[in-house]
Amino acid sequence: KARYPEGSTGALLLEFEVTCFAADPDARKPGRVRRIVTLENHSSRVGRRARTYAARCGLPDALQRALEFAGLGHDLGKAAPPFQFMLRGGEPEREPDRLLAKSLPDTAAHLPGAMQGWRHEALSAALLASADGADGLDWELIRWLAGTSHGRGRPFFPPQNVLPGEMATVEFSGKSLSAPVCHGLDRLDSGWAELFHSLNSRYGWWGLAWLEAMLRLADQQVSAEESR
């Protein structure tokens with residue numbers, strides 16, 4: 001409901017009452033994934049949801065498709081072998097034939113100390129650097145949206161430790177993409193901050209943030225659904 005506060009000269013106060021319906025009280029607790037969530041299924045759902053949001057906001061088809069591809073690629077960095085090892089609770093023989101998006105239901109996921117500061121979405125952006133094609137899409141935007149999907153990297157990622165020279169390889173849009181797990185986007189000379197400047201010039205400060213918000217909300221909503 002809306003009302004004018006007492007003594008107000010024009011400010012409008014909005015009050016909201018939100019009711020949650022859940023048969024299981026634990027269903028409202030975030031992060032409790034109760035089934036196996038594969039990278040392919042999670043990414044597909046996020047991509048579709050992001051495109052739906054873009055369509056309902058009246059964005060042109062090219063931006064709708066860009067948001068869909070950003071959703072499809074936002075978690076590619078989770079293909080990194082150390083990250084998959086973590087999601088399996090240190091037991092690589094569990095679900096060995098599928099890339100996971102979330103930790104297994106009975107597994108507590110913790111990155112090893114050597115990977116503190118490492119961001120999987122930065123590796124997603126590094127992998128997407130070789131995914132662009134002659135399809136009329138803004139692949140710089142797609143790469144940026146994937147890299148900032150958790151709110152980091154605007155325009156700097158936290159510094160990471162020097163990691164072993166492992167490679168991450170994943171299939172995306174009919175291509176095999178590879179990039180070093182030590183992605184290097186935390187370096188000042190990586191070109192990531194320059195990409196931020198370029199995209200702000202292209203879409204505007206608020207326009208770029210709006211596009212980021214659509215993808216981030218799509219990811220959050222799908223992840224919440226997967227945890228129930």
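Reported count of residues in region 171-197, each being in a helix (DSSP H, G or I) and open to solvent by 40 Å² or more (accessible area, probe 1.4 Å), is 2. Within region 61-72, residues that are in contact (Cβ under 8 Å) with a residue 24 or more places away in the chain and closer than 13 Å to Gly136 by Cα sit with their Cβ atoms under 7 Å from residues that are open to solvent by 10 Å² or more (accessible area, probe 1.4 Å) and not in a helix (DSSP H, G or I), at 6+ positions apart or across chains, in these pairs: Ala62/Gly136; Ala62/Leu137; Arg65/Leu137; Ala66/Leu137; Ala66/Asp138; Phe69/Leu137. Across region 15-59, the qualifying residues are those that are aromatic (Phe, Trp, Tyr) and assigned to a loop (DSSP other than H, G, I, E, B), and the one among them that is modelled with the highest pLDDT is Phe16. Of the set (1) in contact (Cβ under 8 Å) with a residue 60 or more places away in the chain; (2) of a type outside the set (A, V, I, L, M, F, W, C); (3) open to solvent by less than 30 Å² (accessible area, probe 1.4 Å), all apply to Glu166 but (3).
Among the residues of region 52-72, those identified as open to solvent by 50 Å² or more (accessible area, probe 1.4 Å) and either within 16 Å of Ala209 (Cα to Cα) or touching a Pro at 6+ places or on another chain (Cβ under 8 Å) (or both) are Tyr53, Cys57.
Of all residues in region 101-158, count the ones that are in a helix (DSSP H, G or I), small (Gly, Ala, Ser) and either within 20 Å of Thr169 (Cα to Cα) or modelled with pLDDT of 95 or more (or both).
Residues in region 101-158 being in a helix (DSSP H, G or I), small (Gly, Ala, Ser) and either within 20 Å of Thr169 (Cα to Cα) or modelled with pLDDT of 95 or more (or both): 6 in total.
The values are calculated or read from the model by the stated rules, or taken from the named source; none is laboratory data. Fair warning: this is a prediction, and the values are worked out from it, not measured in the lab. Cβ atoms come from the backbone with ideal geometry, glycine included; neighbour counts cover every protein chain shown. Quick note on the areas: whole protein, heavy atoms, side chains included, nothing else; ligands and nucleic acids left out. Shrake-Rupley method; radii C 1.70, N 1.55, O 1.52, S 1.80 Å.
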